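Student: Sending over a structure as structure tokens; questions will come in a sec.
The values are calculated or read from the model by the stated rules, or taken from the named source; none is laboratory data. The shown structure was predicted, so the numbers you read here are calculated from the model rather than taken from an experiment. In this analysis, Cβ positions are derived from the backbone assuming ideal geometry, glycine residues included, and neighbour counts consider all displayed protein chains. Side chains are part of the model used for accessible areas, which takes the heavy atoms of the whole protein and leaves out ligands, DNA and RNA. Shrake-Rupley method; radii C 1.70, N 1.55, O 1.52, S 1.80 Å.
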Amino acid sequence: MNILAALIPVFPLLGFAFIILNGKRLGERAPIVAVGASLISAVIALFAYTRVLATHTPLSWSFEWIAWGEGAIRMGVHIDGVGAVMLFMVTVVGTLIEIYAIGYMKGDYYYSRFFAYMSLFMAGMLGMVVADNMLLLFVSWEIMGLCSYFLIGFYTAKPSANAAGIKAFLTTRLGDVGLMMGIFLLWWTAGTINFEELGLVVPQLQMLGMDHLTLALTIAAVLIFVGTIGKSAQFPLHVWLPDAMEGPTPVSALIHAATMVAAGVFLVARTFMVFVNFPDALELVAVVGGFTALFAALIALTQTDIKRVLAYSTLSQLGYMVMALGLGAYAAGIFHLITHAFFKALLFMGAGAVIHGYHHVQDIRRMGGLRHSMPRTHISFLVATLAIAGCPLFSGFWSKDEILLAAFHGNRILWGVGTFTAFLTAFYMFRLYLLTFTGRQRDTAIRPHESPRVMTTPLLILAVFAFGIGFPGSPLMHFWVQGAIHPSYLPHTEHAVNLGIMGISTAAALLGFVLAVLMYGPSPKILPERVAAGFGKLYQLSLHKFYIDEIYQSVIIAPTVGLARLLFGFDQGAIDGSVNGTGRGVRLISGAARWLTAGNLQWYAITFLAGAVGLALIALRALAG
Amino acid sequence: MIPEFILFWATAAVCVVGALGVVFAPNVVHAVLSLLVVLFGIAVGFFALGSPMLAAMQIIIYAGAVVVMFLFVVMLLDITEVLPSLGGARGVLAVLSVLGAVALTFAIVAAVTSGGLPAQADAPGGDAATVGWGLYTDHVILLLLAAILLTAAADGVVGLTQRRESR
Amino acid sequence: MITEITTTHWIVLAAVLFGIGLLGVLARRNALVILLSVELMLNAANLVFVALGHHLGDVQGQVIAMVVMAIAAAEATVGLAVIVLVSRTCRTLNPDELTELKG
């Protein structure tokens, strides 16, 4: 059984290899392999996580990978509570999105290649979830990054897609460097990178109370968090995620909403033992998370591209999770990760269905009234909207509430930020919903149609999850999820219900809903244009995403390019010039010398003779002298 | 007994005339025959210099084997055409060649006459027995090397010609 | 000078023969004649060896002359074989026209 757990990421990897090697022959049948591989993994994972969750004992298997004099690096898998729930989420969401993609990607020229990349991504994600050490985690992490790059730039004919792919790759690379240095520092300080061992070693090191150790571990934590900032698109490295929407929508749903971007949060959770006793590191995490949550929500208010609104919403929600972890609310953060994965994947897939059925228009100002033509998409999208807005009983409500409760006890400012963000979230999500599905269709030239069953069925399944996945973590089921994922090195925490906090956050969500209806409902009372004019500069800031891209362009990219130009000029002029000059000089000399060696044997003999005469003359001089 | 100086000048005259014949004869057969003359002259020189055995070898090996081989090849290839020896577009080359050859000759002569030679040895040895003794004791390695070289040359020639025929 | 013959006389004779041979090697355009001229030069060298060996009363001069003879024989054999092959494939013995090393 334990060794079977190690096979979970292997099947998608085999699927990738099979599809990429037989792409032409498979053609339309490629998804069978991809979905089949995911299903096999899902079934094995099902056995694994039910056992882990039922027995509360982690599942692990490892082998000695590199041995040397003093010790060895072991490589293997370790599935504990948090790994188990992640496995559940990744396999369910991943498989459903792959099925959805069968319909969405139909007719694409690189149909089979798409499924190959999706399989490779699944392998990376599952590998990261089951990894028992930082090294395997990092390798899987990079596989995901690579797939993300491939899939963002999947429409290779689109220059903007290529640019977005490169931007995503380079931006996350910044974070990866941090993560790598963090791993090195942790290895050097703690002497191990195995998670279980770290859970034992780090608290002991902490107890020694030595300043330099504390400092080293804090720096390691911060560096690991830099990896999270890159992968989970936290401020200030958030710029790549909105652009990543250039990729196909199933990719946005799987990689850039549900799984890969949540991997950063998972990373902090996995290495939480490093963070937990270092208040400085935790505070940084919490502040970055809270700031990103608010910041992204503010931008989402004014965006008009359906996928970009969702992208900023993802940023905001990831900020929530990071903030929860920073506040020490480990279980709440992971719980929100899981619920968010379901409803955000659903939102993206709904958006994909809309785009698919609306002739690839993505501007919500041209939509409207789609609930009639796309009933199944509409109902699932509504469920997801209610879930993310925090409507009571829906999954987002329970998880968001946990985080806000933790914030209330931990940091009142962050609680205020979180509650305000909840209000903004409800507002922009209902704005999106109302503009897309209600009212009258604003662009009458387009004839919308519902997507095929293969796309809508996963939507409906996910809608059930988006509604109900919150219950296992709710007070109604005595916080079962939180108990299951609680790591052993953390002290036991009491989960309680605070009806006051719950009421305030519900009121905030309701306020957002009401405001959205007033502005974008069937009979608007407040005109959005007047609001925009009223906010003036603030509106412009939000519309232009706080000019972050422009700032990066002028502060970082332009000087870098300038320096590169300068170096290029130096390279061309001085270095290449001297190299080419050497070559040219040699050519010149050899061109002059060429007539000496024209292939005439007797001419050679004469020159030889001239040398001999010269030598003889020298000998004569010596004799005479 | 012919006086030494007559012997020398006669030999020198024969050799130089023969050598010029080798180089300037338009017909290859004549050139080969001129070489034969030179070789006889040099054999006489060897004899005069107290090396009768070498003189004999010169006649037997050179005149008997090598020159005959040359003649054989000339007949085999049927080279009767008369090639322009000097001049034409290669005038510069020819002039340079003459100048170079003369310069080298004068350099050698100058070196020999100006530096002078060490005093003449008392007992100029050089009969067959002495040469044989030297060849098979002190210089046996040279002898072996020469033997190997000849064998290799013989093998090489066989290889060269046979490979050509098998193609 | 004319009646008294010294070793120097023989060496000068050798030098003259050597020069004539050299001229043949450098200026003639028939490979066979070039080979003949090389033989001439080798013999001139032999003459020097023998003359100096006689002069110094040393047997080495003759020994080396014998080795040179062997080398000359080998050289003539191989050279002639090459000439035969070249004349068969290229139909010429003019070294100016033999600019290709390919068979």
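Student: Got a number for the accessible area of A:Tyr547? Probe 1.4 Å, square angstrom, nearest 10.
Tutor: 80 Å²
Student: So for the stretch C:29-94, averaging the separation of alpha carbon pairs under 8 Å that are six or more residues apart and normalising by length, what relative contact order in percent results?
Tutor: Over the stretch C:29-94, the number comes to 43 percent.
Student: Pop out the carbon and sulfur fraction of the accessible area of chain A as a percent, whole number, probe 1.4 Å.
Tutor: Accessible surface attributable to carbon and sulfur in chain A totals 70 percent.
Student: Okay, moving on. Starting from the Cα of A:Lys307, draw a straight line to each of the aspartates and glutamates and keep only those under 14 Å, dropping any in the same chain fewer than 8 residues away.
Tutor: A:Asp243, A:Glu246, A:Asp363
Student: If the only charges are +1 at each Lys and Arg Cβ and -1 at each Asp and Glu Cβ, what is the size of the charge dipole of the protein assembly as shown around the Cα centre, to the nearest 20 debye?
Tutor: My answer is approximately 3920 debye.
Student: Output ³J(HN,Hα) for the stretch A:470-487: one whole-Hz value per residue in order, computed from phi by the Karplus curve 6.51 cos²θ - 1.76 cosθ + 1.60 with θ = phi - 60°, and x for Gly and Pro.
Tutor: Each residue of the stretch A:470-487 in turn: x, 4, x, x, 8, x, 4, 10, 6, 6, 4, 4, 4, x, 5, 9, 5, x Hz.
Student: Could you work out the helix-only [θ] at 222 nm for chain C, with each DSSP H run of four or more residues adding -39,500 (n - 2.57) and the total divided by the number of residues, to the nearest 500 deg cm²/dmol?
Tutor: Numbers: 3 runs with 78 residues, N = 103.
After summing the helix terms and dividing by the residues of chain C, the value is -27000 deg cm²/dmol.
Student: Of A:Met180, A:Met349, which has the most accessible area and how do the rest follow, probe 1.4 Å? Write out the running numbers ahead of the final one.
Tutor: Details: A:Met180 70, A:Met349 0 Å².
Output order, biggest surface exposure first: A:Met180, A:Met349.
Student: Okay, next question. Keeping all protein chains in place, calculate the accessible area per residue for chain A (probe 1.4 angstrom), answer in Å².
Tutor: Solvent-accessible surface per residue comes out at 42 Å².
Student: If you take the charge dipole of chain A about its Cα centre, with +1 on Lys and Arg Cβ and -1 on Asp and Glu Cβ, which of A:Leu267, A:Ser38, A:Ala311 is farthest toward its positive end?
Tutor: Farthest towards the positive pole: A:Ala311.
Student: Can you give the helix-only mean residue ellipticity at 222 nm for chain A, where every DSSP H stretch with n ≥ 4 adds -39500 (n - 2.57) and the sum goes over all residues, rounded to the nearest 500 deg cm²/dmol?
Tutor: When only DSSP H runs of four or more count, the value is -23500 deg cm²/dmol.
Student: I've got another one for you. With a 1.4 Å probe and every protein chain left in place, work out the accessible area per residue of the stretch C:29-94 in Å², rounded to a whole number.
Tutor: For the stretch C:29-94, the solvent-accessible area averages 29 Å² per residue.
Student: With viscosity set to 1.567 mPa s and temperature to 4 °C, compute the Stokes-Einstein D of the stretch A:503-568, Rh being the Kirkwood radius across alpha carbon pairs; µm²/s, no decimals.
Tutor: It comes out at roughly 84 µm²/s.
Student: Would you mind checking A:Lys167/A:Lys344; A:Lys400/A:Lys525; A:Lys24/A:Lys545; A:Lys106/A:Lys537 for any pair whose Cα atoms are more than 32 angstrom apart?
Tutor: Flagged as over cut-off: A:Lys24/A:Lys545; A:Lys106/A:Lys537.
Student: Expressed as a whole number of Å, what is the distance separating the alpha-carbon centroids of the stretch A:332-405 and the stretch A:555-574?
Tutor: Between the Cα centre of the stretch A:555-574 and that of the stretch A:332-405, the gap is 46 Å.
Student: For A:Trp65, what residues show an amide H to amide H distance below 5 Å, using hydrogens built from the backbone and excluding near sequence neighbours?
Tutor: Here the answer is A:Ile73, A:Arg74, A:Met75, since their amide H atoms fall under 5 Å of that of A:Trp65.
Student: To one decimal place, what Kirkwood hydrodynamic radius in Å is obtained for the protein assembly as shown from all pairs of distinct Cα atoms? Write out the running numbers ahead of the final one.
Tutor: Values: mean 1/r = 0.0282 Å⁻¹.
So the Kirkwood estimate lands at 35.4 Å.
Student: Sticking with this one: Pop the C-beta distance of A:Leu21 and A:Ser523 into the FRET formula with R0 = 45 Å and round what comes out to the nearest 0.05.
Tutor: Values: r = 59 Å, r/R0 = 1.31.
So, using R0 = 45 Å, E works out to roughly 0.15.
Student: Can you give me the relative contact order of chain A as a percent, contacts being Cα pairs under 8 Å and 6 or more apart? Walk me through the numbers on the way to the answer.
Tutor: Working: 1002 pairs, mean separation 71.8, N = 625.
That works out to 11 percent.
Student: To the nearest 10 Å², what's A:Glu28's accessible area with a 1.4 Å probe?
Tutor: Accessible area of A:Glu28: about 110 Å².
Student: Between the stretch A:513-536 and the stretch A:197-268, how many Å separate their Cα centres?
Tutor: A separation of 38 Å, based on Cα centres.
Student: How high is the relative contact order of the stretch B:2-120, in percent, with contacts defined as C-alpha pairs under 8 Å that are six or more residues apart?
Tutor: This gives 22 percent for the stretch B:2-120.
Student: Determine how large the accessible area of A:Lys400 is when every protein chain is in place; take a 1.4 Å probe and give Å² rounded to the nearest 10.
Tutor: Ignoring ligands and nucleic acids, A:Lys400 comes out at about 10 Å².
Student: Still on this structure, I have one more. For the C and B pair, go ahead and give the buried accessible area with a 1.4 Å probe, both sides summed, in Å² to 100.
Tutor: 7100 Å²
Student: Answer with one residue from A:Tyr604, A:Leu96, B:Val73: the one whose Cα lies farthest towards the positive end of the charge dipole of the protein assembly as shown, charges on Cβ with Lys, Arg +1 and Asp, Glu -1.
Tutor: Value: A:Leu96.
Student: Could I ask something else about it? Along the Cα→Cβ direction, 7 angstrom out, place labels at A:Arg51 and C:Val82. What is the inter-label distance in nm?
Tutor: 8.2 nm
Student: Same structure, new question: Taking the inverse of the average 1/r across all pairs of different Cα atoms in chain C, what Kirkwood radius in Å do you get? Provide the component values of the computation, followed by the final result.
Tutor: Values: mean 1/r = 0.0650 Å⁻¹.
By the Kirkwood definition, the hydrodynamic radius is 15.4 Å.
Student: On a full-extension model of 0.36 nm per residue, what is the gain between A:Thr444 and A:Ala157, subtracting their alpha-carbon distance, rounded to one decimal in nm? Let's see the in-between values first.
Tutor: On the way: separation 287, 0.36 × 287 = 103.32 nm, distance 2.91 nm.
Taking 0.36 nm per residue and subtracting the Cα distance, the gain is 100.4 nm.
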